[in-house]
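Okay, so here's the structure we're looking at.
The values are calculated or read from the model by the stated rules, or taken from the named source; none is laboratory data. Given the structure is predicted, the values throughout are model-derived calculations rather than measurements. When we count neighbours, we look across all protein chains shown, and the Cβ atoms used for this are built from the backbone with ideal geometry, even at glycine.
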Amino acid sequence: MTDTTLPFADLERVYERLAEAIDALPEAQESHFLAQLALALAHRVPDVDQVMAAIEEARRGAADTDSG
């Protein structure tokens, strides 16, 4: 782990909060919320290549979930 990543305990907190936020939304708004969140977080990253890599990582994770 580098200094630029969240410690695991903080990542768990983020996951829990994200799950709560998504669960509180109507299903029709979930995709919009996630897109807004992704853009808000991307805006905080000063390196576009890191953002693009994160998008690709998420895309692969979603594809793995669909196939498994």
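Within the range 2-34, take every residue that is at pLDDT 95 or above and of a type in the set (Val, Ile, Thr) and give me the one that is nearest to residue 45 (Cα to Cα). Full working, then the answer.
Initial filter on the range 2-34 (at pLDDT 95 or above): 7-34.
Then drop every residue that is not of a type in the set (Val, Ile, Thr), which leaves 14, 22.
On the way: 14: 17, 22: 23 Å.
Per the criteria, the residue is 14.
Considering (1) surrounded by 10 or more Cβ atoms within 10 Å (Cβ to Cβ); (2) of a type outside the set (Ser, Thr, Tyr); (3) assigned to a helix (DSSP H, G or I), say which one residue 49 fails and leave the rest.
With respect to (1) surrounded by 10 or more Cβ atoms within 10 Å (Cβ to Cβ); (2) of a type outside the set (Ser, Thr, Tyr); (3) assigned to a helix (DSSP H, G or I), residue 49 is out only on (1).
Go through 25, 11, 34 for me and flag whichever is without any contact (Cβ under 8 Å) to a residue 12 or more places away in the chain, in a helix (DSSP H, G or I) and not hydroxyl-bearing (Ser, Thr, Tyr).
Sole residue among the options that is without any contact (Cβ under 8 Å) to a residue 12 or more places away in the chain, in a helix (DSSP H, G or I) and not hydroxyl-bearing (Ser, Thr, Tyr): 11.
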